[in-house]
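Enquirer: Dumping the structure here so I can ask a few things about it.
The values are calculated or read from the model by the stated rules, or taken from the named source; none is laboratory data. Keep in mind that this is a model prediction, so the values were computed, not measured. No Cβ is skipped: glycine too gets one built from the backbone with ideal geometry, and neighbour counts run over all protein chains shown.
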Amino acid sequence: MNKQDKSIPLNQWLDEWDPLDIGPSSYDTEKADIMGILYISDNPRIVAEKIKEILEFSFGETISTEKSLAAANMLLLLKNDSSCSI
């Protein structure tokens with residue numbers, strides 16, 4: 001499975017994610033930034049903090065630590081699941 005195939009579940013999840021309730025199609029730039037973080041760190045707390053920073057930078061709003069940590073855990077789970085092959 002190549003890198004592009006591995007990112008399909010991540011992209012699908014991010015396409016539906018709407019942490020600021022502004023419409024799921026409003027995060028294209030942020031989605032790319034978040035995908036980049038997932039290939040730099042496997043630490044959910046670091047990923048969660050970066051997600052919060054990205055959203056605050058782009059929209060001037062932040063999400064709760066719980067919400068960003070839940071997103072980070074889900075994204076890392078999807079990333080790691082798609083990395084494993086039988």
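Enquirer: What's the number of the condition ALA72 fails, among (1) touching a residue at least 60 places away in the same chain (Cβ under 8 Å); (2) within 13 Å of the chain's Cα centre (by Cα)?
Expert: (1)
Enquirer: Among SER7, SER83, which is loosely packed, with under 12 Cβ neighbours inside 10 Å, touching a helix residue (DSSP H, G or I) at 6+ places or on another chain (Cβ under 7 Å), at pLDDT below 95 and among the small types (Gly, Ala, Ser)?
Expert: Sole residue among the options that is loosely packed, with under 12 Cβ neighbours inside 10 Å, touching a helix residue (DSSP H, G or I) at 6+ places or on another chain (Cβ under 7 Å), at pLDDT below 95 and among the small types (Gly, Ala, Ser): SER83.
Enquirer: Counting only residues that are without any contact (Cβ under 8 Å) to a residue 24 or more places away in the chain, part of a helix (DSSP H, G or I) and under 15 Å from SER7 (Cβ atoms), how many does segment 20-49 have?
Expert: Within segment 20-49, residues that are without any contact (Cβ under 8 Å) to a residue 24 or more places away in the chain, part of a helix (DSSP H, G or I) and under 15 Å from SER7 (Cβ atoms) number 6.
Enquirer: Report yes if THR62 is without any contact (Cβ under 8 Å) to a residue 40 or more places away in the chain and either part of a loop (DSSP other than H, G, I, E, B) or farther than 21 Å from LYS79 by Cα (or both), otherwise no. Before you say what the answer is, go through the steps one by one.
Expert: Working: without any contact (Cβ under 8 Å) to a residue 40 or more places away in the chain: yes; either part of a loop (DSSP other than H, G, I, E, B) or farther than 21 Å from LYS79 by Cα (or both): yes.
Answer is yes for this residue.
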